[in-house]
Every structure is written in C-alpha cells, then in structure tokens.
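Only one structure is covered here, and it is reproduced in the block below.
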Amino acid sequence: MPAEVKSLNEECGVFGVWGDPNAAELTHLGLHTLQHRGQEGAGIASLTPAGMRRHYGFGLVSQVFAQPADLAALRGPAALGHVRYATAGGAILENIQPLLFRFSDGAVALAHNGNLTNAISLRAALEKAGAIFQSTSDTEVLMHLLRRSPAKTFAGQLMAALNQVHGGFAFALLTEAGLYAACDPNGFRPLVVGQLPGGGYVVCSETAALNAVGATFIKDVQPGELVTVDDTGLHMQQYTTNTQLAVCSMEYVYFARPDSEIHGVNVHQARVAMGKRLAQEQPAAGDIVVGVPNSSLSAAIGYAQASGLPYEMGLIKSQYVARTFIQPTQALRERSVRLKLSALKAVVSGKRVVLIDDSIVRGTTAKQIVQLLKEAGAKAVHLRIASPPLRFPCFYGIDIQTTKELLAANYSVREMRTLLGVDSLGFLSVQGLEDSVGLSTTAPNRGLCVAYFTGEYPTPLDDYAANLDLELKALAQNVKEVAAP
C-alpha cells in the first residue's frame, strides 16, 4: 500500500500450480511477487510423494521459508500458496493459509482472498448443526458447506458451497485430483489463469505473478466462474449465471502491482489516466509535481503530463522498510512514516509542491508527509488525491468495516484541508475514476465497485447491514464533494 500508512488491511494473494515438477518452487516465487497483497503470514501446501504437506507461519515469505529444507520438503507436481493480511478472523496461527483439511477420502488445501458477508450467520448455523471450527477465519466456512453437500463429485460439492457464500472472494483449492479456482458473482477480487512452458497451469491473484514464473496469460476468472485444472487439462463452468462485474476499484487505485493487468486493463496505465484526469478536474498552482512512493507514482506522472508541470522525485522511500500499514497499532504506523519516507530538500525547498497520493483513509500519514515537505522548505503543498474520498466501509475484502476510521466520512473536504495542513485539497471524481480505468463493459459503474466512495453497494451486506445502517444515520457528509469551496 501506498503512500499513506493506512489501515487498508486488504488483500491476500493466492498462487497455485498444477502439472509441474517444481510446483512448490514456482509457488514460492509467485508468492514473493504477491508479497504486497499480504505481509502477516504465508504458507504453501503441496502434493508430495508422501501426500499433501504444508509449511506455513507468520511473517514475510522470505521469513517463513528461510530454510531451504522447508521448501524441499514440499517438492511435488502441484502446490497452492497464500500470503495473508487478516480481513476476517484474527492474527492467530490457525488462520494462516492455505488451510489444510484431511478427510478419509483425501486431503484438501484451501486459500481465499476476500471477505464473506454472511460468514457470521453461516458459521453460527453450522456450529449449531455440530460443525467444529479450527480457525476464526471466514474461509473455513466454505469447507464445512462443501462437505455437507450431497453432490456426488467434488466439483459439484464446491459449486453448491459457492452458491451459499456471499460477498467478495477468490477461492483456490488443491486436492489430489485437481486445482480449483472460483470468483464471486461480481468478480470483486481478481484471479487469473496462465500456462507454464512445460504445459502446467497457474492460478493466481495477479498477472505480475504469472510473468514472474514465465507463465503465459490465458484468462481472467470471470464472475461466478469455476475453473478446474487436472491431468486432462483446463476446464471452465459457471456455478451461477446471476453475475454482474464489479471489480474492486481499489485494485486499480492502490492494491495491485503496476505491472499487472486486471480484465484487460494495465494497472500503471489506469493510474496514469487517473492522474491526467485529476489534473483536469483539480488543477493546482504549483511549481513541481511529487508523488508519494510507490503506488502514487504512476498517477503523479499522469498529473505532470496533463498539467505541464515538471515531475520531480521530492520524496524518497526506503526500500528496506515493509509496508507500514501492517504495523499492529496506529502509533507504530505513525512512527514508521519518517523511517519509511524522507523529503528531498534540494528539490522541494522554495517550491509550490503538488503532492499526489492515491487515497486518504485516516489521514494521519498524509499529515506527516505534508509536514516533512514543509520542514524541507516547501513554500506550499497542494494535495491532490487520485481517487474519490473514501467515505464508506468495505465488506468485500478491505478491512475497513466502520466509518469511524475514515477521515472523509467525518469531515468535509474543507475541514480535511485544515486538519492535514495543506494549502489546497482536491479529489478525483467517481466518474473520473470510472473513465480512467475504462473497463470494456456495459455493467453499472463501468464494471467497478465504487461503494467506498458512494455508499451504493452492489450486493446485500448480510451480517453487516444493521450496524452500517446505524452508522450512516449519523453521517451528514456530501458524498459528491471532491474539493474545498
């Protein structure tokens, strides 16, 4: 995540291989490429000559697999890996994925990116019926539903389970017979399929991970689609036709790597387009354009191109500090900012800086970055945000489930400008975001989920609906406001 040291604790990354003798090693490489999607824990489950084996733990991929023997023990023709940040459940070892289940008829590994909106009620019903859960993760609910299905095939049981869970999800499952992958009916969370030079297949969260292992992109997993890879090849079927594309817009704004493509749109180019549109919608009287490393740099390039102002590297990021949003407390996140970022005095001193960031969540880090620039001698700081104001929670996989932690939900743009200490503040419009991404679809909102900005959710919110209704009654912000009067 970006710029701001935020509480956007979204995301997880999944990476699975079928049909390659180096499946575990390839999965290990893939997880490194997806490390930005989750830094709390990592794991790999693999089909080995001794059966399904798993290695997992807290920390980065390099920490969890620090010993060569850890990976060597997983050698086999198929593997499933996961990097995690907790969106549901908590930071306990039992929640580190892939989850591994052993049954009398075989083992199943399960990995998940997203959040199930009806997991609480499903779990309560399952426990009442005698289910025993080993974790606090919403992911485990799927396996209980699957095992209770009367369908005669694993794929049939999985399809039955997928039709009972709601919300945002990209699931990947590994059995001794195949690798399975499915997206929710709105395609909130990305998932792609590729083929390795030797003929094996890869299923993973982003195309950048396909590139890292030399796999050729085949397709995006579509909303409501189940993909099966086994020894007979690649197979696709719809587990539901009640679908409507609504990709999480924050994938393009912040989460995904700039070298990834989601439904045919390159993330870097989308961010450049956001920056250009931002310059048109929210011009600023500045001397230089500075982006907050790293996810805001593409938008800053676009803003500079459209505004005619020079793009400068006014902020330097330490490449040896992990994403600060993963710090367990807000106080630690705040202290991490100066460790992570420093202002380049020779560049910003005496200049009117147009500072580009991708989003504002709590605003604490943005405020500190502004202070860094002013301490370095910036004459003025005009903050421009390459997305609309985040005013509403997300229940599909980003761990912001209350308006209390969202700056824009509690203050007007004028009030935020004062709180952040900037000379001016402007955000991209929702229409500007949709046009900049430019997905080729006739779906509402151009195929994007923009609920975080508008409060218009594309699905029922199930277990979260009642609390959200109570919160929204207390809010009085103008959701169309993107600039201070």
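The values are calculated or read from the model by the stated rules, or taken from the named source; none is laboratory data. Predicted, not measured: the structure shown is a model, and the values here were computed from it. Cβ atoms come from the backbone with ideal geometry, glycine included; neighbour counts cover every protein chain shown.
Go through (1) surrounded by 24 or more Cβ atoms within 10 Å (Cβ to Cβ); (2) of a type outside the set (A, V, I, L, M); (3) not assigned by TED's automatic domain parsing to the domain that holds R391 one by one and return the number of the condition R271 breaks. Going through (1) surrounded by 24 or more Cβ atoms within 10 Å (Cβ to Cβ); (2) of a type outside the set (A, V, I, L, M); (3) not assigned by TED's automatic domain parsing to the domain that holds R391 one by one, R271 breaks only (3). Within the stretch 365-407, the set of residues being outside any helix (DSSP H, G or I) and basic (K, R) comprises K379, R384, R391.
Looking only at the stretch 115-136, decide whether some residue is within 30 Å of G200 (Cα to Cα) and buried (at least 22 other Cβ atoms within 10 Å of the Cβ).
Yes, that holds for at least one residue.
Mind listing whichever residues of the stretch 370-385 are of a type in the set (V, I, T) and over 16 Å from Y303 (Cβ atoms)?
In the first step, residues of the stretch 370-385 are kept if they are of a type in the set (V, I, T); the result is 370, 381, 385.
Selection gives V370 alone.
For the stretch 157-171, the condition holds for at least one residue, the condition being that it is surrounded by fewer than 17 Cβ atoms within 10 Å (Cβ to Cβ) and hydrophobic (A, V, I, L, M, F, W, C). Among the residues of the stretch 104-128, those identified as in a strand (DSSP E or B) and either of a type in the set (V, I, T) or within 14 Å of Q164 (Cα to Cα) (or both) are V108, N115, L116.
For the stretch 37-88, filtering for residues that are outside any loop (DSSP other than H, G, I, E, B), of a type in the set (D, E, K, R) and over 20 Å from V203 (Cα atoms) leaves 1. If you go through the stretch 394-409 and keep only what is surrounded by fewer than 20 Cβ atoms within 10 Å (Cβ to Cβ) and out of contact with any Ser or Thr (no Cβ under 7 Å at 6 or more places or on another chain), you end up with Q401, T402, K404. Among the residues of the stretch 191-208, those identified as within 27 Å of Q244 (Cβ to Cβ) and in contact with an Asp or Glu (Cβ under 6 Å, 6 or more places away or on another chain) are V192, T207, A208.
Can you tell which of P388, P444 is outside the structural domain of G114 (by TED's automatic domain parsing), within 18 Å of the chain's Cα centre (by Cα) and not β-branched (V, I, T)? Matching residue, one of P388, P444: P388.
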